[in-house]
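Some notes on the structure that comes next.
The values are calculated or read from the model by the stated rules, or taken from the named source; none is laboratory data. None of these values were measured; they are calculated from a predicted model. Using ideal geometry, Cβ is built from the backbone for each residue, glycine included, and neighbour counts are taken over all protein chains shown. To get the accessible areas, we keep the full protein, side chains included, count just its heavy atoms, and leave off ligands, DNA and RNA. Shrake-Rupley method; radii C 1.70, N 1.55, O 1.52, S 1.80 Å.
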Amino acid sequence: MRAQSSPRKRVVVGIDGSAASHAALRWAVDYARLVGAHVEAVAAYDVPGAIGWSAPAVDATLDAEQARRTLSSEIGTALGGPQDVAVEEHLVRGNAAQALITASEGAELLVVGNRGRGGFARLLLGSVSQQCALHAECPVVILRAPEGDTEASAA
């Protein structure tokens, strides 16, 4: 009888450049190390004016390249160097909550920060993390930014 290979375990984490998302990435890497999984770091971006007519035309390819560079930089900043856990970068054009919910299908876990770069700093739970908690296809961990982090209080 031939043994079937089990699918590779994966932990999905949302990255948006906020202190809370950096904490979520570090937590996801630590968890993945414990369970023998790899990490999929997902960031979403959108092209200004992609919906409606509110902005001038932009070069979508250039925006994607800039977003990809920013994602790589954010991962490097959050982790501080190479890791013993594989971290794959996934850049998705569109809504962040929907990108993470889609990525959660078949995942071991989805990890997000409690508040990203949205405009309502007084909210305890951001709209993306709330949507993920309600609609993800796997368990969700929501992390707060480290205490005293000035970036988190300014978000």
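Pairing residues of the range 63-76 that are touching a residue at least 40 places away in the same chain (Cβ under 8 Å) and on the phi < 0 side of the Ramachandran plot with residues that are among the β-branched types (Val, Ile, Thr) and buried (at least 16 other Cβ atoms within 10 Å of the Cβ), at Cβ distances under 6 Å and at least 6 apart in sequence or on separate chains, gives Glu74/Ile15.
Please verify whether the range 32-52 includes one or more residues that are open to solvent by 90 Å² or more (accessible area, probe 1.4 Å) and either modelled with pLDDT under 90 or over 22 Å from Glu137 (Cα atoms) (or both). Before you say what the answer is, go through the steps one by one.
Start the filter on the range 32-52 by keeping residues that are open to solvent by 90 Å² or more (accessible area, probe 1.4 Å), which leaves 33-34, 51.
If we keep only those that are either modelled with pLDDT under 90 or over 22 Å from Glu137 (Cα atoms) (or both) too, we end up with 51.
Yes: one or more hits.
A residue that is farther than 13 Å from Ala44 by Cα, in a helix (DSSP H, G or I) and open to solvent by less than 20 Å² (accessible area, probe 1.4 Å) can be found somewhere in the range 69-79. Within the bounds of the range 122-144, is there any residue that is open to solvent by 50 Å² or more (accessible area, probe 1.4 Å), on the phi > 0 side of the Ramachandran plot and either assigned to a loop (DSSP other than H, G, I, E, B) or modelled with pLDDT of 90 or more (or both)? There is no residue in the range 122-144 that is open to solvent by 50 Å² or more (accessible area, probe 1.4 Å), on the phi > 0 side of the Ramachandran plot and either assigned to a loop (DSSP other than H, G, I, E, B) or modelled with pLDDT of 90 or more (or both).
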